[in-house]
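The values are calculated or read from the model by the stated rules, or taken from the named source; none is laboratory data. The structure displayed is predicted, hence computed values, not measured ones. For neighbour counting, all protein chains shown are included, and Cβ atoms are generated from backbone atoms with ideal geometry for every residue, glycine included. For the accessible areas, the whole protein counts, side chains as well, though only heavy atoms, and no ligand, DNA or RNA atoms are used. Shrake-Rupley method; radii C 1.70, N 1.55, O 1.52, S 1.80 Å.
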Amino acid sequence: AQRVTQPEKLLSVFKGAPVELKCNYSYSGSPELFWYVQYSRQRLQLLLRHISRESIKGFTADLNKGETSFHLKKPFAQEEDSAMYYCALSGGGGGADGLTFGKGTHLIIQP
Amino acid sequence: ETGVTQSPTHLIKTRGQQVTLRCSSQSGHNTVSWYQQALGQGPQFIFQYYREEENGRGNFPPRFSGLQFPNYSSELNVNALELDDSALYLCASSLDAWQGSYTFGSGTRLTVV
């Protein structure tokens, strides 16, 4: 069975400090990994996906198959980064298993 | 370009009743998925429809059923409501079933009393 673990329920850092939101996954094949973000009073939206290998709003995430991790990083946190972050996994196969989400990490950036 | 819209936004039902939630997918998207999000949890996959056919299902009982229409809008039906069905129900659409990235609606908050 596929599983996504986000060990931190809450992460608080100061503005300008580096941020790392942890995500570990369990999947027997080659998964696609995503980070979704939900800002206050907004809907869940895609932040980035590992196959794009791009940086969005200064965030990057590298898939480490050896450690089965997909941690989200940003070198300098900004107050507008405060939000709920969800790591998600797709097993491919035309969406037959949908997205498996972690429980989320609430990121608070303090001024 | 319109996003994903869901109706109603809030709903209160009594245990044992039936409920229908509706979703209009983003323009050009032919795939719709439904998720249940309990308080403090991540969204949990219910099922997915691709071109009017169910092509994936999560670990939910048969009393959770759905439909997708020719215009790719969708319904989620839940029969014999239980108290544990109280949750936020999210609809998400995608360009196709293999796209992997989804546009989410703002959800329907269902309370079962």
Straight distance only, please: which lysines reach the Cα of A:Lys74 with their own Cα at less than 23 Å, same-chain residues fewer than 8 apart left out?
A:Lys9, A:Lys15, A:Lys22, A:Lys57, A:Lys65, A:Lys103
At a Förster radius of 22 Å, what calculated FRET efficiency corresponds to the Cβ-Cβ distance of A:Thr60 and A:Ser12, to the nearest 0.05?
0.55
Summed buried accessible surface, chains B and A, 1.4 Å probe, nearest 100 Å²:
1600 Å²
Residues other than B:Thr5 with Cβ under 12 Å of its Cβ, Lys/Arg counted +1 and Asp/Glu -1, net out at +2
Please work out the FRET efficiency for the pair A:Tyr39 and B:Lys13, using the Cβ-Cβ distance as r and a Förster radius of 25 Å; give the result to the nearest 0.05.
0.25
About the Cα centre of the protein assembly as shown, what is the dipole size in debye to 20, counting +1 per Lys and Arg Cβ and -1 per Asp and Glu Cβ, all else neutral?
380 debye
May I ask you to give the solvent-accessible area per residue for the stretch B:19-72, in square angstrom, as obtained with a 1.4 angstrom probe?
45 Å²
With a 1.4 angstrom probe the carbon and sulfur portion of accessible area for the stretch B:1-102, in percent, totals 48 percent
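Evaluate E = 1/(1 + (r/R0)^6) for A:His106 and B:Arg63, where r is the Cβ-Cβ distance and R0 equals 22 Å; express this FRET efficiency to the nearest 0.05. All intermediate terms of the calculation are to be shown ahead of the outcome.
On the way: r = 32 Å, r/R0 = 1.47.
Plugging the Cβ-Cβ distance into 1/(1 + (r/R0)^6) gives 0.10.
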Normalised per residue, the volume of the convex hull around the Cα set of chain B (Å³)
92 Å³
